[in-house]
C-alpha cells in the first residue's frame, strides 16, 4: 500500500475531527478487507496471511486506530486483566515483583493494571476503587497495613485474590505468599552473633508491619538466646533519604553499634548513605547485613551480606495460585511460605578491637 494513499486517508479522517472515533470498520475499508478479517488479524484467533496482517497494521497505524480492549474482552465473556497493588514502585523489591508478574501474566494472555498505595491507607482505598472499577479477573495485593482493606474485603470471595509479602493478621480465608521472615531474621542475627557482636542495631522501615515484625522477632530471639540482651531498634520509614537523615541524627546522639541488620533494601540503602555521610567504615567500624539481595550489593568494593528474597519464586507462586482461583478452584486457602537464605559476604567482620 502506498504511503501517499495512506496520507490522503489520514487527512480525510483528520477533517472529521472529534465527530467520530476511527473504528474497525474504517480500518477494514482502508485495508481493503472485511471487518471479520481485521478482527482476526488483531486477535490472532484465526489464521490470517502475513501480508494481510501487514496491510491491516499499516492501515491502523496510519488512521490512528486504538483497539477497544475492554469492549473486545467483554464480548469474549472474560476480561483478561488482573490488578496488582503494591506500596511503591520506587522500592526495588516491589518493582521487581511487578515486573515478574507482568511477564507471567503476558505468557498466559493477561494484561496487568498496576496501582501503588504510597503506604497510605486513604490513597490505597482510592487506588483499589480505581482498579476494581476495571472489573479485573483477579487481584494480587501487598496491603499497606496488616489489615486487608475494607473495599477489598467486600469483593471476597467473588474476586479471586492473593496477598503477597504483607499477609496481614486477618481472618479472611485468602491465599497468601510470603517468606519465612522469622527464620531469615534469626539467621541474620546468628551470623553477626557468631562473630562476637552483641551491640546490634535493627534498622527497620515500619516495625509494626508484619513481615518486619517477624524479622525483628527472629533477631530478638537469637540475641536473647546467644547474648542475653535485646537489640536496639530504629524506624527509618519507607524512603531512603528520610531514613538516612533519621539514622544520622540517631548516630549523633547514641553510641555506635558494632553491627546493623537492615530490614529492607530501602533501609539498607539508608544505612549505607548515613554511614557514608559520617565516614563509618564497613566492616571496619560497623558490620552490616542487608535485606533483599540485588546485583549492586555484590558490585560494591565491600560486597554486602544480605538476606535474599526469592522474588521470582514469590511472583510465580502468587500467579499460579491466582490462575487456579480464576479457573474456579475451591480448594482451601494456601499459606505459601518460601525460604529467604542469607548470603554471607564481606560486610560482616569480627567486633572491632
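Rule-based calculations on the coordinates, nothing more; no lab input. These numbers were taken from a predicted model, which means no experiment stands behind them. Neighbour counts run over all protein chains shown; Cβ positions are idealised from the backbone, glycine included.
For the chain, modelled as a GNM whose springs connect Cα atoms under 10 angstrom apart, the maximal fluctuation among 156, 291, 42 occurs at 42. Within the range 276-297, whose backbone N sits under 15 Å from a point 7 Å along Cα→Cβ of residue 199? In the range 276-297, the label zone of residue 199 (backbone N under 15 Å from the point 7 Å along Cα→Cβ) covers 280-281, 284-288.
Taking R0 as 41 Å, what FRET efficiency do you get between residue 130 and residue 51 from their Cβ-Cβ distance, rounded to the nearest 0.05? Efficiency, from the Cβ-Cβ distance: 0.50. Each of 91, 120, 51 has some number of other Cβ atoms within 10 Å of its Cβ, and from fewest to most they run 51, 120, 91.
Against the main long axis of the alpha-carbon atoms of the chain, helix 240-253 sits at an angle near 10°. Between 33, 114, 177, the Gaussian network model of the chain with springs among Cα atoms under 10 angstrom shows the greatest mean-square fluctuation at 33. What the Cβ-Cβ distance of residue 58 and residue 21 gives, at R0 = 22 Å and to the nearest 0.05, is a FRET efficiency of 0.70. Full extension of the chain between residue 146 and residue 35 gives 34.9 nm of extra length, using 0.36 nm per residue less the Cα-Cα distance. Here the range 266-318 and the range 98-144 have alpha carbon centers that stand 28 Å from each other.
Estimate the FRET efficiency between residue 90 and residue 250 by the formula 1/(1 + (r/R0)^6), using the beta-carbon distance for r and 25 Å for R0, to the nearest 0.05.
Values: r = 23 Å, r/R0 = 0.92.
After rounding, the FRET efficiency stands at 0.60.
Footprinting exposure proxy ranking of 319, 250, 296, fewest other C-beta atoms within 10 angstrom first, gives 296, 250, 319. Sorted largest first, the spans of the alpha carbon positions of the chain along the three principal axes are 83, 47, 35 Å. The angle between the Cα long axis of helix 181-194 and the longest principal axis of the Cα atoms of the chain comes to about 40 degrees, rounded to the nearest 10. Only residues of the range 175-211 count here: report those whose backbone N is under 17 Å from the spot 7 Å along Cα→Cβ of residue 153, or say none. It comes to 175, nothing else.
The long axis of helix 265-278 is offset from the longest Cα principal axis of the chain by roughly 50 degrees.
Is the shape of the range 181-309 rounded, prolate or oblate, going by the alpha carbon gyration tensor and its root eigenvalues a ≥ b ≥ c, with a/c under 1.5 for rounded and a/b larger than b/c for prolate?
Here the range 181-309 falls in the rounded category.
Result for the chain in a Gaussian network model with C-alpha springs under 10 Å: among 255, 49, 88, the largest mean-square fluctuation is at 49.
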